Amino acid sequence: MKYPLIFSLAILDIFRPDGLDFTHRNSPTMQKYVIETMGGGVALLDYNNDGLLDIFLVNSGKLDDPQKPPANFARREPAYWNRLYRQNRDGSFTDVTAAAGLSQAGNDYGMGVAVGDYNNDGFPDIYVTNYGRNILYRNNGNGAFTDVTGEAGVAAGGWSVSAGFLDYDNDGRLDLFVSRYLDYDLGRNILCGTPFHSYCRPEKYPGMTNLLYHNEGNGRFRDASVSSGIAAVTGKGMGVAFHDYDGDGFPDIFVSNDLMEQFLFHNRGNGTFEERALDAGVALSDDGSSYSGMGVAFADYDNDGLPDILVTNLALEKWALYRNEGGGRFSYASLSTGLAGLVARNSGWGLGFHDFDNDGWKDLFAAQSHVLDNVERIHSGLRYLEPPGLYRNAAGRFEKSALEALPAVAGRGVAFGDLNNDGAIDAVMSVLGGRPIVLRGRPNRNHWLTFKLAGTRSNRDGQGATVRIGRQWAYATTAGSYLSASDSRVHFGLGGGTRVTVEIAWPAGKRQVLENVAADRIVTVKEPE
């Protein structure tokens, strides 16, 4: 199938919806507590099943300067709540946090969010990661949520960062993976840098093991971190994404690590994983160096049917793009695709491969900002605050795209989805210590299709399903980016195509073919019984 290029430079426009009045509060101090610079998750989900995406934003908390133990992050004060905004029919938003039962955020410093229907009742549930105790909110289906963390057994502990739901054993129930960063304690904070202080590099602190929780199907999860092999390696985990990189029918897990080798957990299909990043060629940069792995995207950017991996990192490190060569091996493609030159002086966080202009090729959007708020004093050629970046995919090579003039901010998490159901992908980016930025996709003459998957034998979300149209492949997942969860629906740009054949491989093993599907609509597909 050919996709004629119909392209407008202005793919995304800044959008300021009424009612979205959130401000992220990270409470920066002179002590340079490392947690201050890492937070800001965002999720797009249709929590009330009205066909419109709603927005959930994770707040962080209050820090004193200096902070005396035990810390009181003031999460019970409204200024430090996480917030849920319900989208209204006119495109405005209403804050429903209290009414939805989400104002009780505990007293832990907030980080990220994962979304998935873990109990298969047709309503998306929310998992919030923290520096401290995590929280699982069960969606009751009546507009409200209940904190079920204790009975579910997923409180975790330590410093959790990103998380995601996946069905790693294809039993029809979504399991939960949590990345954890440093073995860090506010009471053991280190002041780094002279003659002025800056946030310490991660080498100053030990790492932690990641967590894998198996869904037992009775509202409870079992900690399978050790038995699965996930806890066999210690990392400094930031982003996490899932995909079946070797096509064996089981989801694999990629974790971006900060200033150490990356992790690729290969799913053996028997409930266990083996860490294979070095053997697969995705552990280090092209010269064998480690880098500051932040966010991760796990998707097929070159339309060859094999999922590739992109890891964002800090300026001067080259973002790491790994092209899947098949056979369980990847090649380093940052230079050959032109991406390295585009982002050489940019620091990236949340990101995603999505077809913003619907030409049949997945473009790249990334939140950008350095981790050090005084980096200009260290390197005059770098900047702490940056506008987000949009990099158009021109048949496998990347080029910078124009965005409406955007402010330079400390971008962190990004979630993607079609907020107004017009077929153009939108992005919501969290801002450290600031207000989120909403970027709305601009429709053009290209056609599109979006699929809402409904599993029967597979999990209700259909997460882990592979959808194919022509040479394009997409993977159903809400995970990826950094700290964030995207729309569970699967989107395709079709260029000039108006009717297509669709092939779906469901996690439970069924293969489904839909013939002559008309473009420019949202299609609900139920898994065959």
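Would you work out which of A519, A476, A465 lies farthest towards the positive end of the dipole of region 439-529? Charges go on Cβ: Lys and Arg +1, Asp and Glu -1. It is A519. If the chain linking R511 and D422 were pulled fully straight, counting 0.36 nm for each residue of separation and taking away their Cα-Cα distance, it would gain 29.2 nm.
For the chain, the per residue solvent-accessible surface stands at 34 Å², with DNA, RNA and ligands left out and a 1.4 Å probe. Taking the protein heavy atoms of the chain in the context of the full set of protein chains, the accessible area attributed to carbon and sulfur is 48 percent at 1.4 Å.
For G235, the residues whose modelled amide H falls within less than 5 Å of its own, excluding neighbours fewer than 5 places apart on the same chain, are M208, T209, N210. Each residue of region 157-165 was assigned a 3J(HN,Hα) from its phi angle through the Karplus curve 6.51 cos²θ - 1.76 cosθ + 1.60 (θ = phi - 60°); the sequence is x, x, 10, 7, 10, 8, 8, x, 8 Hz, with glycine and proline shown as x. Our summary of shape: the Cα atoms of region 214-352 have principal axis extents of 49, 30, 26 Å, ordered from largest down, in whole angstrom.
For D147, the accessible surface of its heavy atoms amounts to roughly 70 Å² (probe 1.4 Å, protein chains only, rounded to the nearest 10).
Shown in residue order for region 378-393 are the 3J(HN,Hα) couplings computed by the Karplus curve 6.51 cos²θ - 1.76 cosθ + 1.60 at θ = phi - 60°: 8, 9, 5, x, 10, 10, 6, 8, 9, x, x, x, 10, 10, 6, 8 Hz (x for Gly and Pro). In this view, the solvent-accessible surface of R440, computed with a 1.4 Å probe and all protein chains in place, comes to about 50 Å².
Please list, short to long, the whole-number percent of alpha-carbon pairs of region 1-147 in consecutive 10 angstrom bins beginning at zero. Taking every Cα pair in region 1-147, the percentages come to 11, 36, 28, 16, 7, 1, 0. Put simply, the chain fits an ellipsoid with semi-axes of 31, 26, 24 Å; these come from the alpha carbon gyration tensor as the roots of five times its eigenvalues, largest first.
Residues W319, W81, ordered by accessible area of protein heavy atoms at a 1.4 angstrom probe radius and largest first, appear as W81, W319. The largest accessible area among V428, V513 belongs to the first residue in V513, V428, and the rest follow in falling order (1.4 Å probe, all chains).
Under the convention that each Lys and Arg Cβ holds +1 and each Asp and Glu Cβ holds -1, the size of the dipole of the chain around its Cα centre is about 680 debye. If the limit is 31 Å between Cα atoms, which of K318/K452; K400/K510; K318/K362; K204/K318; K236/K510 go over it? Violating the 31 Å Cα-Cα cut-off are K318/K452; K400/K510; K236/K510. Amide H contacts of D117: D125, D461, each under 5 Å away and 5 or more positions distant or on a separate chain (H built 1.01 Å from N in the peptide plane; Pro and chain starts excluded). Close amide H partners of C200, meaning residues 5 or more places away or on another chain with modelled amide H under 5 Å apart, are C192. With just the Cα atoms defining each centre, how far is region 26-72 from region 205-223? Give it in Å. Rounded to whole Å, the Cα centres lie 22 Å apart. In this view, the solvent-accessible surface of K68, computed with a 1.4 Å probe and all protein chains in place, comes to about 150 Å². For the pair region 229-288 and region 175-202, the centres of their Cα atoms are 23 angstrom apart. If each DSSP helix of 4+ residues adds -39,500 (n - 2.57) and the sum is divided by the residues in the chain, what number results at 222 nm, nearest 500 deg cm²/dmol? That comes out to -500 deg cm²/dmol.
With point charges of +1 on the Cβ of Lys and Arg and -1 on the Cβ of Asp and Glu, referenced to the Cα centre of the chain, which listed residue (A231, L372, S331) lies farthest in the positive direction of the dipole? Checked the options; the winner is L372. Dipole check for region 310-469: with +1 at the C-beta of Lys and Arg, -1 at the C-beta of Asp and Glu, and the Cα centre as origin, the magnitude is about 280 Debye.
For region 75-212, a crude dipole built from +1 on the beta carbon of Lys and Arg and -1 on the beta carbon of Asp and Glu, taken about the Cα centre, is about 540 debye to the nearest 20. Near L339: Cβ cut-off under 9 Å, other residues only, Lys/Arg at +1 and Asp/Glu at -1. The net charge is +2.
The values are calculated or read from the model by the stated rules, or taken from the named source; none is laboratory data. This one's a predicted model, so the numbers in the text were calculated from it and none came from an experiment. Quick reminder, even Gly has a Cβ in these numbers, built from the backbone with ideal geometry, and neighbours come from all protein chains shown. Surface areas here come from the heavy atoms of the whole protein model, side chains and all, with no ligands, DNA or RNA. Shrake-Rupley method; radii C 1.70, N 1.55, O 1.52, S 1.80 Å.
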